[in-house]
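Inspection log for the structure reproduced underneath, given as structure tokens.
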Amino acid sequence: MRTAPVPEQPRAEASVARAPRLLLVRLSAIGDCLHALPVAVELRRRLPDAYIGWAIEESGHRLLRGHPAVDRFHLYPRDSRMTRIAGELVELRRELRAARYDVALDLQGLTKSGLVAWLSGAPRRVSLPPPDRRELNRLFTNEVVAVPAASRHVVDRNLTLLRSVGLDAPARGRFELGAPQPSEALAPFVASLLDRGGFAVVHAGAAWPTKVWPPASLALVARGLVDRWGLCVAVTWGGEAERPLAREVVRGAQRDDVVEAPPTDLPDLAALVGGSSLFVGGDTGPMHLAVALDVPTVAVFGPTDPERNGPYGQGDLAVTAEVELSCRPCWRRSCARGDHACLAQLDAEQVLTACARRLQL
């Protein structure tokens, strides 16, 4: 049975007499939601009485729910049936309007994120300029905050939006994810790793085929972590499509201390990564999760730009192939050259050298 509509409340003008009500809009993906998190953290630190909401999809919510910087998460519907989505968007609009937001900060810059900002009824709907603002976003947002040329990383670009509420961006963003604990199902696996001493996490997959480093190369890194520094290695994967890659890494390493991780949801992945001494992976959500958890990270980069999307605050440990390629960065999901040279020509020894620096060995 459908509940009766919640009456919309008359909007009060923002003033010093009332704490601001601020909505963040960053619906997906995991890495991008983590890149938006420092905005929420800084708003909470600098405006402790503000009411802070966040419009987000379920995947990001599973990781960030309960974060102390956010008062309420509003779930954006994900369904293949348009009639259902339309109905859920009506409900989302009602929910957002009832919260009476003064300002919506669109950290995604797409049509759908701009639509959510507009549905909120916030009189001020703020976005970044192109190239961060794309598609039809301009139809739904009504303010743009200029990005300083020095703000290259996406986290720093996002923090520029603080200027719209009268705050300067901090010198460095903070995530404040805490120390996630493993579930009962994962706890025995984590305990087995800790019993062997310190452990590293190596992530085998990526959302784009062009971001996947060959498993044979990653296997050489996993073997080096065992042989040189005595680390046990847990090879993680996301979704069944990535599991064969993880198994190739485990087989190729040929070491008993290189093991395939069990299936993990995002909270358990956070607990596993958070307990590790080192993370090695590509430009993926798990890599950005490791950085947010303050885990020493070595990131392998191919078609994307480490200055913009590299491990935040650890940019010198984003490793790229020592070969001149005019096509890099290309931001493509398929390789125009057909040979994936930006990753295929990346040597495992380069990555192990970066691991040694990150482990301070």
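Couple of notes before you dig in:
- Any hit, segment 347-354, residues being at pLDDT 90 or above, within 23 Å of ALA219 (Cα to Cα), among the polar types (S, T, N, Q) and in contact with a helix residue (DSSP H, G or I) (Cβ under 8 Å, 6 or more places away or on another chain): no
- Any chance THR111 is among the hydroxyl-bearing types (Ser, Thr, Tyr) and modelled with pLDDT of 95 or more: yes
- Among (1) outside any strand (DSSP E or B); (2) in contact (Cβ under 8 Å) with a residue 24 or more places away in the chain - the single one ALA171 does not satisfy: (2)
- Elements of type helices (runs of 4 or more DSSP H) in segment 15-115, at least 2 residues being open to solvent by less than 40 Å² (accessible area, probe 1.4 Å) and free of Cβ contacts under 8 Å to residues at least 24 places away in the same chain: 82-99
- Residues that are part of a loop (DSSP other than H, G, I, E, B) and within 28 Å of GLY66 (Cβ to Cβ) within segment 176-197 comprise GLU176, LEU177, GLY178, ALA179, PRO180, GLN181, PRO182, SER183, GLU184, ALA185, LEU186, listed in sequence order.
- In segment 305-320, of all residues being on the phi < 0 side of the Ramachandran plot and in a loop (DSSP other than H, G, I, E, B), the one that is most open to solvent (accessible area, probe 1.4 Å) corresponds to THR320.
- Selection of segment 330-339 for residues being touching a Ser or Thr at 6+ places or on another chain (Cβ under 7 Å) and either buried (at least 18 other Cβ atoms within 10 Å of the Cβ) or β-branched (Val, Ile, Thr) (or both) yields only CYS335.
- Cβ separations smaller than 8 Å between residues 6+ apart or across chains give the following pairs from segment 151-166 residues that are over 22 Å from THR304 (Cα atoms) and open to solvent by 10 Å² or more (accessible area, probe 1.4 Å) to residues that are hydrophobic (A, V, I, L, M, F, W, C) and assigned to a helix (DSSP H, G or I): VAL165/LEU43.
- Search result, residues across segment 189-225 that are in contact with a strand residue (DSSP E or B) (Cβ under 8 Å, 6 or more places away or on another chain), β-branched (Val, Ile, Thr) and either open to solvent by less than 20 Å² (accessible area, probe 1.4 Å) or closer than 16 Å to LEU269 by Cβ (or both): VAL201, VAL202, VAL221
- Of the residues making up segment 341-350, those that are open to solvent by 70 Å² or more (accessible area, probe 1.4 Å) and not in a helix (DSSP H, G or I) are GLN345, ASP347.
- Neighbours by Cβ (under 9 Å, 6+ apart or cross-chain): first from segment 350-361, farther than 11 Å from GLY224 by Cβ; second open to solvent by 70 Å² or more (accessible area, probe 1.4 Å) and outside any helix (DSSP H, G or I): GLN350/GLU322
- Taking every residue in segment 312-330 that is at pLDDT 75 or above and pairing it with any residue that is open to solvent by less than 60 Å² (accessible area, probe 1.4 Å) and of a type in the set (Asp, Glu), at least 6 positions away or on another chain, the pairs with Cβ-Cβ distances below 7 Å are PRO329/ASP305.
- All conditions but one from (1) assigned to a loop (DSSP other than H, G, I, E, B); (2) open to solvent by 10 Å² or more (accessible area, probe 1.4 Å); (3) under 22 Å from VAL235 (Cβ atoms); (4) among the aliphatic types (A, V, I, L, M) apply to VAL323; the one that does not is (3).
- Selection over segment 137-165 of residues that are over 22 Å from the mean Cα position of the chain (by Cα) and in a helix (DSSP H, G or I) gives a count of 5.
- Test for ALA299: is it of a type in the set (Gly, Ala, Ser) and under 22 Å from the mean Cα position of the chain (by Cα): yes
- Filtered residues of segment 116-136 (kept if part of a helix (DSSP H, G or I) and either more than 19 Å from ASP71 (Cβ to Cβ) or without any contact (Cβ under 8 Å) to a residue 24 or more places away in the chain (or both)): TRP118
The values are calculated or read from the model by the stated rules, or taken from the named source; none is laboratory data. Being a predicted model, the structure only gives us computed values, none of them experimental. So basically every Cβ, Gly included, is an ideal-geometry build from the backbone, and we count neighbours across all protein chains shown. Surface areas here come from the heavy atoms of the whole protein model, side chains and all, with no ligands, DNA or RNA. Shrake-Rupley method; radii C 1.70, N 1.55, O 1.52, S 1.80 Å.
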